[in-house]
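Structure first, then comments.
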Amino acid sequence: MTLLPQRPRLGFFVSHRGSNMRAIVSACKAGGLNAEPAVLISNNRNSAALVWAAENDLAHIHLSPKSVSSEEALDQAHLDALLNANVDLIILAGYMRKIGTKVLSAFSNRILNIHPALLPMYGGQGMYGSRVHKAVIANRETESGVTVHLVDDDYDTGAVVGQAKVPVLPADTPEDLAARVLAQEHLFFSEMLIRIVSGEINLDDLG
């Protein structure tokens with residue numbers, strides 16, 4: 001891949017509310033993150049993220065297996081939408097599907113996800129949301145956290161970009177831990193993006 005431009009354009013994939021996307025867009029608008037939100041793609045026609053994007057003048061599109069003829073066609077539609085928006089860096093912000101091979105190839109080392117645990121622990125297929133936090137508490141861990149990682153063709157196996165730890169308290173419920181981890185996600189994802197955009201972190205060195 002070529003180097004990121006000084007002000008990269010961000011493409012977001014979101015399935016539901018997209019709170020991490022909103023935090024990143026806010027960081028861009030506040031000037032802390034020198035990037036341009038370019039487009040939101042959601043597989044959920046009724047997602048709150050699509051409503052938010054419409055209200056905040058962010059280009060947005062619904063693309064799902066129901067809206068195209070095949071998985072290959074969906075992959076191509078994703079790629080077309082990203083290229084049409086001149087996206088430089090893809091952000092998965094609660095996206096509940098795998099990324100297709102065409103997008104993975106075109107955006108090698110340019111797709112980032114955040115996972116609500118310290119990978120490689122509590123990752124993989126089926127480990128998302130409350131399932132992660134329930135498992136952490138069931139195993140009596142004393143800490144959890146968040147991991148920003150590159151996206152490859154499997155679940156949560158891409159190179160780690162950075163991690164931040166979050167304490168697990170003795171009386172925590174999964175909901176308590178989820179709230180603490182999500183608050184860290186909102187801060188840490190933008191922090192990692194600032195370091196990537198500034199050149200402090202070179203994604204090609206990781207992938």
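The values are calculated or read from the model by the stated rules, or taken from the named source; none is laboratory data. Everything numeric in this text was worked out from a predicted model, so none of it was measured. Reconstructed Cβ throughout: ideal geometry from the backbone, glycine too, with neighbour counts over all protein chains shown.
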Open item on the list: Could you check the stretch 41-66 and list, in sequence order, the residues that are surrounded by fewer than 15 Cβ atoms within 10 Å (Cβ to Cβ) and of a type outside the set (Asp, Glu)?
Closed with: ARG45, ASN46, VAL51, ALA54, ASN56, PRO65, LYS66
Open item on the list: Show me the strands (runs of 3 or more DSSP E) found entirely inside the stretch 1-117 where at least 2 residues are farther than 28 Å from SER130 by Cα.
Closed with: 36-42
Task: Conditions (1) of a type in the set (A, V, I, L, M, F, W, C); (2) out of contact with any Leu (no Cβ under 6 Å at 6 or more places or on another chain); (3) modelled with pLDDT of 95 or more: number failed by VAL103 - done: (2)
- [ ] Could you please give the count of residues in the stretch 141-187 that are surrounded by 15 or more Cβ atoms within 10 Å (Cβ to Cβ) and of a type in the set (Lys, Arg)?
- [x] 1
Task: Selection status of LEU104, surrounded by fewer than 22 Cβ atoms within 10 Å (Cβ to Cβ), farther than 16 Å from HIS16 by Cβ and either without any contact (Cβ under 8 Å) to a residue 24 or more places away in the chain or not assigned by TED's automatic domain parsing to the domain that holds ARG22 (or both) - done: no
TODO: Among the residues of the stretch 118-142, write down those that are without any contact (Cβ under 8 Å) to a residue 40 or more places away in the chain and part of a helix (DSSP H, G or I).
DONE: ARG131, VAL132, ALA135, ALA138
Task: Counted residues, the stretch 173-199 - those being within 18 Å of CYS28 (Cα to Cα) and of a type in the set (Asp, Glu) - done: 2
Open item on the list: Step by step: first the residues of the stretch 67-89, then only those that are surrounded by 15 or more Cβ atoms within 10 Å (Cβ to Cβ) and in contact with a strand residue (DSSP E or B) (Cβ under 9 Å, 6 or more places away or on another chain), then the one that is farthest from LEU203 (Cα to Cα). Which residue is that?
Closed with: ALA77
